[in-house]
1. Do you know which residues across the stretch B:305-324 are in contact with a strand residue (DSSP E or B) (Cβ under 8 Å, 6 or more places away or on another chain) and at pLDDT 90 or above?
2. Quick check: is even one residue across the stretch A:413-433 within 12 Å of chain B (Cβ to nearest Cβ), surrounded by fewer than 23 Cβ atoms within 10 Å (Cβ to Cβ) and touching a residue at least 60 places away in the same chain (Cβ under 8 Å)?
3. Which condition number in (1) within 13 Å of chain A (Cβ to nearest Cβ); (2) in contact with a strand residue (DSSP E or B) (Cβ under 8 Å, 6 or more places away or on another chain); (3) over 18 Å from residue B:205 (Cα atoms) is the one that residue B:80 fails?
4. Starting from the stretch B:334-358, keep only residues that are at the interface with chain A (Cβ under 8 Å from one of its Cβ atoms) and without any contact (Cβ under 8 Å) to a residue 12 or more places away in the chain, then list their pairs with residues that are part of a helix (DSSP H, G or I) and crowded, with 18+ Cβ neighbours inside 10 Å whose Cβ atoms are within a distance under 9 Å, requiring at least 6 positions of separation or different chains.
5. Based on what the data block shows, is residue B:302 more than 20 Å from residue B:147 (Cβ to Cβ), more than 14 Å from chain A (Cβ to nearest Cβ) and modelled with pLDDT under 90?
6. Taking the stretch A:293-304, which residues are on the phi < 0 side of the Ramachandran plot and surrounded by fewer than 16 Cβ atoms within 10 Å (Cβ to Cβ)?
7. Give the residue, chosen from A:327, A:355, that is out of contact with any strand residue (DSSP E or B) (no Cβ under 7 Å at 6 or more places or on another chain), surrounded by fewer than 23 Cβ atoms within 10 Å (Cβ to Cβ) and within 22 Å of residue A:34 (Cα to Cα).
8. Could we say that residue A:115 is surrounded by fewer than 19 Cβ atoms within 10 Å (Cβ to Cβ) and over 25 Å from residue A:148 (Cβ atoms) here?
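The values are calculated or read from the model by the stated rules, or taken from the named source; none is laboratory data. These numbers were taken from a predicted model, which means no experiment stands behind them. Glycine gets a Cβ as well: all are built from the backbone with ideal geometry, and neighbour counts include every protein chain shown.
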């Protein structure tokens, strides 16, 4: 591959907006989690779709790998460069292009972060609900099919991306979707590209569905004697049709870590953290139904956080749980698992996970998007301890097998990247080869984010 | 192509379950709407996935076209056989395989109809909401990405199919999706296959998301002086976050047709028909908010139908509107348009459509899923009158151009089939070629429903 030839041409095109500095290469080759550094050969900073199209066209001609980069917060190495090449960093493509209040959508460049978007939307009475915790870029969130705490009510990126502009592997600019709320016109290319992790093209623009800021919002916490009690309460609440906006599980280890980190005083039992959205009366009714059910299932200490500052404190505690867990063992790194199971199997899966980690002598506090059946164990390890690192990786693999044995998936929201590619055949069987055939058809020279998601080329 | 060789082998495999009777061929080559008869060479009636795999394997070997068939209620000729071949009729694959109350999903064979499914589910407190009007098969509904009156609340087939079993163009059996409620594991093959109209494979099993039967349901009707008033009311209600379950528009011509057919006495003005789902108090609150807004925008005669029999009568009237419109001109056929526009442009689109039809001297009452921006004009014509038929087709094409000029789509829910293939390049540009590349990769010999949706092969 003519990576150096590509870089020569790119340098003429972009000037200062092509970087080969060590710090840029390392930043773009690093991971938030446990993968070794794999830097690209250069980092490009486009400002326009036309820039991106020219970058890809040049790379395609020289068969040089092209990797998209948002904020680098993905957890399976999606933005690393294991085969070198050129990373396309979208930080300068951060404009909100159009807000349509009547049609409740927004058109943005891929480098806009979800927090910047919601800040900008505040005056409109609308908001973008998908919230993976990190202040990720919207292009990155679409690429990994992110979700998070609000998916139980508002869906994942799959449900909230209405259309895309992408630069294909040939450097062609293509639009998918329309401004209408639904369509049955042909293959769902938007849906195919969301979650494709930059392996089929680079997203240069997104049209996103917005939602009305609810009239009323209330948050609550509730303690349970054990995880099955908490999960049974969630199942019953969902079956009653209560449209909870968030419903999060913290196991007792997470509660301890959070108490220590944030100075909170949650009782040392598993907790559900909840949020209700709706009219004043609907929110009150939802909370009452939940409270009654929680009591039936053995919940205790049901507490409201109706004031905005209390709610903010609650969710900030939840969003900082990852840092709280990391801080519980100074110097440790963390492998975050991400299995998702049918909700009826969730209590069993969490209990099996806890038992496995205990018998493997691994610290792994558990956090879960329990309304989706999705939970994370934060497996702590010392990077210098090869044996412990291996033990953690093996436990992570057993968890994937557990999820698959229950009819679940290896990843609810973090995606495949480098880290979960080896589970793809187990999960999808012949479907993985179908993904490979699509990839080969749309990127015959395998330049788009090679080494990720799809089967290796022969 | 060795169609006759394929049929010889299929006859040995299936015996009586392969039909070449004239009546079967004509039934499977006919359309609900205006397309000429294009019969297949044979009709196969599989009972199992294994049957389907063998049928496709034989057809693949002989390069014989394979067309899926549910109930034949598609509206763009999706189940017709313009290149001959073998139609696979799923009427004997009509088993409900599994109902999971805890996980709120059902696993069905493709020949199960939506009414049969909901009948079976009644005792569980769950239901499948997607309702295109016709009692279509669920396999067919997935293939065309159907939706209908409830999409505004519950989404389309895109949102309600969790996983599929399909037989690929090679005759291989493949499963997509999991039993978990979300996943970010690789390309969304389920989403790619939903709406692919049998051009990438045949659906042999579906896992569908179920919803809780709401505690309370109320329906209502409201008259407006004109269509813009009605649409403004809808936009305001959606922006208030009122989760309406159905919100349907009938223009004054539809109201007249329905009154004449069903003996109803709706005042001769545009109407909205609504349904609210939720708890008793939530439904009352939703209806009150809507009623207030309707009054602000000039609505009148807001009437409740809280009793189940009144609701049934209301929706039966709506579902029979197509027949009422056909009956308004005895002997006529109907071309049903299906454009979908951003909701902010809906009033303008409906008015432009009415003006166009009037100036073209075409009778075309309008019905709309107004919460989605999707509406149908039922263009009546005499099949024996070639001039009128051509006039209707031209009007239909102008409507598509209108939708595209407003950022909408040529089809909100009926799909592409034969009828709308010529608009694909206009709507999707280079995206249509991308669909063709995917099709070629997954069905290199073009045996799966040829002549539909994707670009013609060179």
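1. Scanning the stretch B:305-324 gives B:321, B:322.
2. Looking for residues that are within 12 Å of chain B (Cβ to nearest Cβ), surrounded by fewer than 23 Cβ atoms within 10 Å (Cβ to Cβ) and touching a residue at least 60 places away in the same chain (Cβ under 8 Å), one finds none in the stretch A:413-433, hence no.
3. (1) is the only condition that residue B:80 fails.
4. none
5. Yes, satisfied.
6. Answer for the stretch A:293-304, where residues must be on the phi < 0 side of the Ramachandran plot and surrounded by fewer than 16 Cβ atoms within 10 Å (Cβ to Cβ): A:295, A:296, A:300, A:303, A:304.
7. Testing whether each residue is out of contact with any strand residue (DSSP E or B) (no Cβ under 7 Å at 6 or more places or on another chain), surrounded by fewer than 23 Cβ atoms within 10 Å (Cβ to Cβ) and within 22 Å of residue A:34 (Cα to Cα) leaves just A:327.
8. no
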